[in-house]
Amino acid sequence: MEKLLAEIITLVFLISTSLNAAAVDYQSSPNQTALLELYTSEGCSSCPPADRWLSSLKKEQGLWQDFIPIALHVDYWDYIGWKDRFASPLFSARQRQYAKEHAVNTVYTPGFTYNGSEFRNWYKKDTGDFPHGDKPGILKLKLIDNQANIKFTPTGVAKNNLKVNLALLGFGLETQIKAGENRGKKLPHDFVVLAMSHAMLEKQDNEFTVQLELPSSDIKSKRFGVVAWINNTGSQKPIQTVGGWLP
């Protein structure tokens, strides 16, 4: 009986340890973690330099805490000879919405936004030139298997209509381009948004929480990352961002 009890206790311990190992936590500081968005396309001949610059940010010390880059491939160049496998009409619509909100002057590639504002002359900048935001509060992301638990604790009083965006990022991706403006080139990609989902946050006292599934993709990647950012429903401008490498 004692042996059986010992085996049960050991089994419970192993199960508990396994469940704890499956949980991954990400947390921002109270300072704003900036969201750097690149709108790009494999069908655009001027985009590869911007893609390479974005990839170079993997080596920067402030990655994931000070700033998080993402690459959103648009589909409006697919018609000129090459269909971008990473492109989505949702990403094109997001860029056009920025134009409607007067955050960017026009829709083009490669186009950058930094915390929801147009970011030009990126090729002349390093991360030391990135503008710093305010202190919106702490954003937490906890992953348990495929479930994402989001919690935002604002520094001050926040509006009720907060939305979270959750994205799966791919790294070490390559595409051999066989047609279009980049024909014959092998294009490397990092920080690529492979899938994205959204949900409204629920307010409890002065905290905002929601649970949603981590978006998935059939695209194979050498490494994956995850990023979540929140904004008010009336504006795409990011309030706070959190993310990191997936184990």
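Brief remarks follow.
- Too-long pairs where the Cα-Cα distance tops 23 Å, listed order kept, from K163/K222; K135/K203; K100/K140: K163/K222; K100/K140
- Fully extending the segment from T209 to Y108, taken as 0.36 nm per residue of separation minus the present Cα-Cα distance, adds 32.9 nm.
- Rounded to 5, the percent of DSSP beta bridges in the chain classed as antiparallel: 85 percent
- Neighbour counts of C-beta atoms inside 10 Å place T233, T241, T155 in the sequence T233, T155, T241, starting with the fewest.
- Which of V192, V24 has the fewest Cβ neighbours within 10 Å, and the rest in rising order: V24, V192
- Its residues counted as N, the chain yields a C-alpha radius of gyration over 2.2 N^0.38 Å of 1.12.
- Net charge over other residues, Cβ less than 15 angstrom from the Cβ of T233 (K, R count +1; D, E count -1): +4
- Once the Cα atoms are used to define both axes, helix 89-100 deviates from the longest principal axis of the chain by about 70 degrees.
- Net +/- balance of residues flanking N160 in space, Cβ distance below 14 Å, scoring K and R +1, D and E -1: 0
- Based on DSSP H segments of at least four residues, each scored -39500 (n - 2.57), the chain has a per-residue ellipticity at 222 nm of -5500 deg cm²/dmol.
Coordinate-derived values only; no laboratory data. All values reported here derive from a predicted model rather than from experimental measurement. Counting neighbours? That spans all protein chains shown, and the Cβs are built from the backbone with ideal geometry, glycine included.
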